[in-house]
Every structure is written in structure tokens, then in C-alpha cells.
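All remarks here apply to the structure that follows.
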Ligand code: 5AD
Ligand code: SF4
């Protein structure tokens, strides 16, 4: 016989959400799960069991949106199969492809029931109900703030997501880099009010989250109002967030060099909860290309920021994004990028082939780079960045720092967490240490993670990683 709890679980509707692209989308996907939860939708990792399928899409590069159409073809088959068993499936396309392509998605893929933009997903319950009667597109920029309409995640949902939490503090972008769709898909820059962010962090911390990544398309442009009407920049937000009980580590992503102000650089020296890690995209090392990209800074200005950040926090690990084959990029321009990479020394970085995005100024340029040349440059840059990543990892051996262990590792008795520099760390450690800052010494490196051993009790933990000579050498 089934108990009432079992039968209600068996009757629950299931939602499967797949997220593509950046951390903002991961956050949005979690909030979508939070918003449909009270409607009786339980999350499932098996798409074939889902009554509601949401693809939370990314539009930043061409392949990302093409991948969505091929994925939608597969979901269409699945939807047919479920229909043959008498099961209804609502298929939703959310995120930036939804925003950019809107009704075109309904035309290209008849199985899609609902297209919803990143500013409208707080309305998912009513939109899903409507989409069961007629096909719906909602990509308007609404007058209300979606964050005011999103329920707080349940304690169980926070715990299932682990000790690391994302919190959106800023959305949109006014920079208009010549290659980028974000200002069109995510709209104008806006900062959430300070108190709403702090309340969200408090709620997450009370449910067990310990590491917080404050995210935004242009997060260091953050300038939110506090309760007294004062404008607070990102460094001020970190100072307040660091006071919240349970907050053990703070991170942020993604930043623009123009908004790297002195206060934020100082925060790296003064705020001991702020991880010594900076993801600061530059895209190219050539001033000519930076100008054509409308980045509004030079390579020398970027290097100056790097120098100042390293002076403030000598052990800081740097990360960046690069685009190769931007229209008109010559061998000389590309070599300037390689030279900048050699000069900085990155702990990790992402490199992409330029892809023309319709509606952006760079897509209209005549001097597009040949595909084969882009591939060649990408391989060369990635090889250099990978060598730097491995060197950085090797240099971590022998260092000690705090790790907030998150979940069981591959082997019995192991837990995994992240180093201050975003590397995965595993160690033999009591499962009771999950969610505590634990001091670890790195003893070995694996291809994609570090192997550590526990050195002291958590109460004597210090947030300042030990700086070794090899690390100072690179700075
Ligand atoms: N082509 C290639 N890469 C791009 N990015 C953004 N737009 C494009 C494009 N059109 C990359 C940039 C950005 C990262 C998130 O994606 O490097 O920093
Ligand atoms: Fe896109 Fe440039 Fe804005 Fe970053 S700063 S989101 S690359 S327009």
C-alpha cells in the first residue's frame, strides 16, 4: 500500500531545467525552479520524466543558439513519445535565445509551447498555464522588478544546490562591445537594491550556503541604493555581505576593466572574506582591436590594473576572456594578445573564436577572419593558456588555504570543495566538515583538481593563503 506522502510524490508534476552559458543562467534556472515549486513541480534530472521542460538558453556565440535548435529537435521526439503514453509535456525556451529570437523559435520548432525572456520568468506559473491552451511568447521588458516576485528558495533546495550560491546583484550592460549581444538580450544596466541582496544572502546562509558569488553581466559596475538612499558600489556591498553570519567566502563575476575602481582593488587587500581571484576579461592584447571592439581601454591600462590589484593582493589569481579572429585581426594583433598573456600569467582563462552575432556592429564588418585562421589562432592561444593554468596548479602544491568542503568526492571518505582560486580540491575529511572553512595543504595535482590534506582545526583558520616564492615570482 502507498502512503499519502508516496502517492503525492508519485502524483507530483516534474520539471526538468537545462541551463546553457554563463553563471547568470545557472542562477536564473534555480530561480525558475523556485518559482514553479509552489505550483507542485518537483525538479527531476531525467528529461523523459518531465511534464515541464525548460531550456534556459545562451545566445552569446553562434554555436550556442544552433545547439538549442538541435536540442529542441530531440525534445520534440521525446514529447511525441510521452504523448503516445498519454502524457502531456510543456516545452519552454527561456534565456537569451528566447529574448533575441522570440516568435521565430515558434516558427522553427512547432513543439515549443512557450518562449520567455530573462526578465519575465517570474511569471512562469501563469505563462505555463496559458501555454497549455495556446502557444505564448513573452519577451517584453516588464515594468515590475522580477526579483520582487520570486519566492525565496526552500531550505531543501538550497541544501541540494550545495554550499556555493550565486546571487544576481546586477543585470544588463551599457558597454556595447562591438561583438556582443548582451546589451540587446539583457537590456540596460540595472543594480538591485543593497538590502534586497543582503536579505537574499542572509536567507541562503541561514539554509546552509557558505560561499557566495555575486554575479552580473557587468558586476563591478554595481551601484545599488541602500535603505538611506546612498549609492553603494561593489566594494561596499562586499563589506556588508562579509558581516552576515555564515558567509565564509565571497566571489564575483564578470567584471569590465573600466569599472575596476580603487575601492574594489582595496577590497582585495582589506576584505578577508573576498577570495583572491579576479575574472577580468580583456578580449585582445592589441590596442587597434580593443578600439574596434569598443572596449574603451588600452592593453597598457589593463596591465596597470593587474599591477595595482597584485600590489593590493600579491597572491591574487587572474582569469580572463579572449576572442580570436575579430574582424580585421592581423597576425601582429594576435601576437600582441599572446604577448599580453605571457606578461600577465593567468591562472585560467577562456578563449573563443569570434562569431558574428546578428544585430551587433562587428557582424556588419567586411573584413571577417577566415574560419581556418581563427581555428589556428584559437589552438595557439589555448595551448599557451593551458600551459599557464598547469603552471599555476603546480605552484599551488605545498600551499595552505581554506576550503569550504561541499560534497562527497569520488572515493569513500573524500570531500570536494574549491580553493580560493576556483580550483577543485579533494581531501580525506570527515563528512561533518561539509560547510565549514577547513585549512588544507595541497599535496598533489591531478589533471582537473588538487589533492589536499587537512592541517588544522577549522577554528584556527585564516583566510589569507600562504604566499610562496614561486607565486610572488609570477607577480
Ligand atoms: N564571439 C565570440 N566570443 C564572444 N563573447 C561574447 N560575444 C562573442 C562573440 N560574438 C565572449 C567574450 C565574453 C564571453 C562571455 O564570451 O569573450 O567575455
Ligand atoms: Fe558584452 Fe561588453 Fe557588456 Fe561584457 S561589457 S556584456 S562583452 S557588451
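The values are calculated or read from the model by the stated rules, or taken from the named source; none is laboratory data. Keep in mind it's a predicted model, so treat the numbers as computed, not measured. As a convention, Cβ positions derive from the backbone with ideal geometry for all residues, glycine included, and neighbour counts pool all protein chains shown.
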Completion exercise
In the set 134, 156, the lone residue that is assigned to a loop (DSSP other than H, G, I, E, B) and more than 16 Å from ligand 2 (Cβ to nearest atom) is 134
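Can you name every residue in segment 447-475 that is within 28 Å of the chain's Cα centre (by Cα) and modelled with pLDDT of 90 or more? First the steps, then the outcome.
First pass over segment 447-475, keeping only residues within 28 Å of the chain's Cα centre (by Cα): 447-452, 461-467, 471, 474-475.
Of everything in segment 447-475, those that are within 28 Å of the chain's Cα centre (by Cα) and modelled with pLDDT of 90 or more turn out to be 449, 450, 451, 452.
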Problem - All positions within segment 182-193 that are within 16 Å of ligand 2 (Cβ to nearest atom), free of Cβ contacts under 8 Å to residues at least 40 places away in the same chain and not in a helix (DSSP H, G or I) - result: 188, 189, 190, 191
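Given the criteria more than 16 Å from ligand 2 (Cβ to nearest atom), modelled with pLDDT of 95 or more and crowded, with 20+ Cβ neighbours inside 10 Å, does residue 250 qualify?
Working: more than 16 Å from ligand 2 (Cβ to nearest atom): yes; modelled with pLDDT of 95 or more: yes; crowded, with 20+ Cβ neighbours inside 10 Å: yes.
Yes; evaluated as a whole, the condition is true for this residue.
So that you can scan it fast, the table gives a plain yes or no per residue for (1) more than 16 Å from ligand 1 (Cβ to nearest atom); (2) surrounded by 13 or more Cβ atoms within 10 Å (Cβ to Cβ); (3) modelled with pLDDT under 95:
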{"position": "1", "(1), (2), (3)": "yes, no, yes"}
{"position": "5", "(1), (2), (3)": "yes, no, yes"}
{"position": "17", "(1), (2), (3)": "yes, yes, no"}
{"position": "23", "(1), (2), (3)": "no, yes, yes"}
{"position": "35", "(1), (2), (3)": "yes, yes, no"}
{"position": "44", "(1), (2), (3)": "yes, yes, no"}
{"position": "53", "(1), (2), (3)": "yes, yes, no"}
{"position": "86", "(1), (2), (3)": "yes, no, no"}
{"position": "90", "(1), (2), (3)": "yes, yes, no"}
Practice task
Name the single residue, out of those in segment 193-212 being touching a helix residue (DSSP H, G or I) at 6+ places or on another chain (Cβ under 7 Å) and surrounded by fewer than 21 Cβ atoms within 10 Å (Cβ to Cβ), that is farthest from residue 151 (Cα to Cα).
Solution key: 208
Handout entry: Among the residues listed as 242, 300, the single one being buried (at least 16 other Cβ atoms within 10 Å of the Cβ) and modelled with pLDDT of 95 or more
Key = 242
Practice task
Just one of (1) in contact (Cβ under 8 Å) with a residue 40 or more places away in the chain; (2) within 16 Å of ligand 2 (Cβ to nearest atom); (3) on the phi < 0 side of the Ramachandran plot trips up residue 212, so point out which.
Solution key: (2)
Fill in the blank from the handout: Taking segment 274-286 and keeping only residues that are touching a residue at least 60 places away in the same chain (Cβ under 8 Å) and either touching a helix residue (DSSP H, G or I) at 6+ places or on another chain (Cβ under 8 Å) or part of a helix (DSSP H, G or I) (or both), one is left with 276, 283
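Residues of segment 405-414 being surrounded by fewer than 22 Cβ atoms within 10 Å (Cβ to Cβ) and not in a loop (DSSP other than H, G, I, E, B), which ones?
The initial filter retains those residues of segment 405-414 that are surrounded by fewer than 22 Cβ atoms within 10 Å (Cβ to Cβ), namely 406-414.
Passing the criteria: 406, 407, 408, 414.
What about residue 289, is it surrounded by 21 or more Cβ atoms within 10 Å (Cβ to Cβ), free of Cβ contacts under 8 Å to residues at least 60 places away in the same chain, under 30 Å from residue 367 (Cα atoms) and touching a strand residue (DSSP E or B) at 6+ places or on another chain (Cβ under 6 Å)? Walk me through how you get there before you give the answer.
Numbers: surrounded by 21 or more Cβ atoms within 10 Å (Cβ to Cβ): yes; free of Cβ contacts under 8 Å to residues at least 60 places away in the same chain: yes; under 30 Å from residue 367 (Cα atoms): yes; touching a strand residue (DSSP E or B) at 6+ places or on another chain (Cβ under 6 Å): no.
No.
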Problem - Checklist (1) in contact with a helix residue (DSSP H, G or I) (Cβ under 9 Å, 6 or more places away or on another chain); (2) crowded, with 20+ Cβ neighbours inside 10 Å; (3) farther than 28 Å from residue 181 by Cα applied to residue 271, failing item - result: (2)
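Out of 167, 163, 128, 158, which single residue is under 22 Å from residue 100 (Cα atoms) and crowded, with 16+ Cβ neighbours inside 10 Å?
Working: 167 fails: under 22 Å from residue 100 (Cα atoms); 163 fails: under 22 Å from residue 100 (Cα atoms); 158 fails: under 22 Å from residue 100 (Cα atoms).
It is 128.
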